[in-house]
Each structure stands twice: as structure tokens, then as C-alpha cells.
Amino acid sequence: MSDDARAIPILPCRQLDATLAFYGLLGFTLEFEENEPAPYAILTLGGAELHFAGIADPARAGLHGACYLRVPDADALHAHWRAACVPDEGLPRLGPIDDRRLGV
């Protein structure tokens, strides 16, 4: 990966409003928020970026962590991981490449 690649954790939370309030006190800025189809928010502080996904069932919250990788050439990185035989099922797994633009 190049030097301008970033890892962005997607963290589960039970109460998105409470999470946003807490991180707001820490100085994070709300960049994006939606409630439908599911609660989701993006917060930034300087160069740091955190994503939060609302999880209704707290017992399943530990099953929903993820991480975005923002890289200059996602197709090349995906092909490299596919060639490394990362599985399509189970955990960890390599899903299909997807272009997601969430206002940032």
C-alpha cells in the first residue's frame, strides 16, 4: 500500500446519539449521519476518522466490527488479496470490491 492509504475502523455502538455526544465532548466533528436503513455516523478529529454503526442487539455487537481501507488503487489491492487466496466465506473473508461514497 502507498503512503496515502488509511485504515478506518467501523465500530459497533448500541446508542448512536450517546456515542456522538461522547465523541463530540472529545472534540470530534460529525461529518456524516444517517438513521435509515441503519444508524451510521462518521466522525473526524484532525487526520483521525472513526465510523460507528448502530447495533440493536448488544449481544451481537462484537460480531460487527469492520474496517475500511482507503487506498489509491483499490482494484490492485483487492486483486493482490484475491491472489493470496483470502477466502470468500467465514472470518476473515474478502468480499466483493465496492465503491462507497458517504459524503466524505
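Laboratory data are not the source of any read-out in this text; all were calculated from the coordinates shown. Because the structure is a prediction, the values reported are computed rather than measured. With ideal geometry, Cβ positions are generated from the backbone for all residues, glycine too; neighbour counts draw on all protein chains shown.
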* To do: Within region 1-43, find all residues whose amide N lies under 20 Å from a label point positioned 7 Å from the Cα of Arg93 along Cα-to-beta-carbon.
  => 10-12
* To do: Search the structure for amide H atoms under 5 Å from the amide H of Phe32, placed 1.01 Å from N in the peptide plane, and list their residues when 5 or more places away or on another chain.
  => Ile42
* **5 angstrom amide H check on Leu11, placed H, neighbours 5+ away** => His51, Phe52, Ala53
